[in-house]
Amino acid sequence: MFRKYWRKIARRIAQRWWLVGLILALLLFFAGRHWAVSRQQKWQFVHPQRRSLVASLNLAGHIDAQEKVTLRFKTSGKLAWVGVKEGDRVKKYQAIASLDKRELERDFRKAMASYLKTRNNFEQANADYGYWQHWFELNDAAKRALANDQYDLNRAVADVELAHLALEEATLVTPIAGIVTKVDAPYAGVNITPATAEFEIVNPATVYFRAEVDEDGVGKLKVGQKAKVNLDAYPGQSFPGAIKNISFQSVSSGTSPSYRVKIALAADNRDLRFRLGMDGEALITVARRDNVLAVPLLAVVNKNGQSYVWVWQKGHRHRQTIVTGLTTDEWVEVKSGLQGQETLVIP
């Protein structure tokens with residue numbers, strides 16, 4: 001029964017084959033058009049533009065200072081005097097603290113007395129042997145005696161110098177001018193060791209912005225390049241600066257080396273607006289091109305060492321090879337391959 005039914009339908013389809021073919025053709029046509037329109041709606045159409053391109057690097061970093069020191073006493077002892085507190089300004093070569101010098105002064109006087117006695121003996125020996133030297137040739141024993149006196153005198157002089165040096169090192173002197181940022185032992189009368197009595201001093205006039213750049217970007221930088229520094233402490237403000245130094249040796253121990261960049265700030269720091277440790281970023285312009293033909297970065301495809309774009313013509317797209325130049329975060333310079341009137345397709 002079913003066989004007769006299907007045979008009947010087949011005969012009717014065979015008699016009207018042209019109608020069936022027309023319906024299938026229409027279905028395929030509308031399906032293909034719907035697919036093309038839906039795909040085209042997912043594309044973005046853009047045009048090349050004449051514009052100025054600026055390539056820059058953003059380097060994260062923080063404020064540091066060129067002149068900063070941590071001062072410690074060379075030996076342990078009793079702290080006799082502290083002349084500064086945190087936040088004080090100090091001058092170069094100013095004394096800031098001192099140990100009890102009584103024992104050191106006594107050692108210096110003992111060394112000086114020993115030196116004077118040794119020198120008297122030395123001069124007396126030379127006077128005695130000098131008299132006999134006019135009449136007789138000195139024997140080996142006399143020569144050795146004079147040499148030993150000379151050795152004793154040299155040792156006495158060294159003892160005096162060491163005692164005087166220890167006396168000088170009992171007073172802590174700052175080698176730079178600046179602000180006292182740390183005082184471990186602010187009170188006199190306590191016994192300290194070099195590790196428990198640190199004094200830190202920073203010169204605010206020597207602050208700079210310290211950042212690091214990886215090996216992909218270090219070749220784009222050079223000393224003297226202008227930079228804009230943005231600090232988290234001052235949102236909305238930019239401080240001009242310039243690259244002062246780029247480290248020759250990498251400073252990272254990882255697989256990807258990085259290099260330290262020092263950016264000198266143009267503004268002075270008299271009002272102490274720049275403080276150590278302030279985080280921020282530096283924007284450095286590495287290249288600039290004016291009035292060049294450019295296309296969006298998303299429109300450029302790089303493959304097998306070549307660059308190309310998709311150009312829309314007569315309802316279809318075709319690939320157009322181009323030669324690129326300066327590349328920024330959003331745009332690519334086109335040196336050749338486009339005239340400027342084309343419509344580009346961005347998937």
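With 28 Å as the limit, write out which pairs from Lys91/Lys228; Lys228/Lys335; Lys78/Lys182; Lys74/Lys110 have Cα-Cα distances beyond it, or answer none. Violating the 28 Å Cα-Cα cut-off are Lys91/Lys228; Lys228/Lys335.
Take the alpha carbon gyration tensor of region 143-255, find the square roots of its eigenvalues, order them as a ≥ b ≥ c, and report rounded if a/c is under 1.5; if not, report prolate when a/b exceeds b/c, else oblate. Note, shape of region 143-255 comes out prolate. Sorted fewest first by neighbouring Cβ atoms within 10 angstrom, Met278, Met112 come out as Met112, Met278.
Since every read-out is calculated from the coordinates, none of them should be taken as a lab result. Predicted, not measured: the structure shown is a model, and the values here were computed from it. Neighbour counts run over all protein chains shown; Cβ positions are idealised from the backbone, glycine included.
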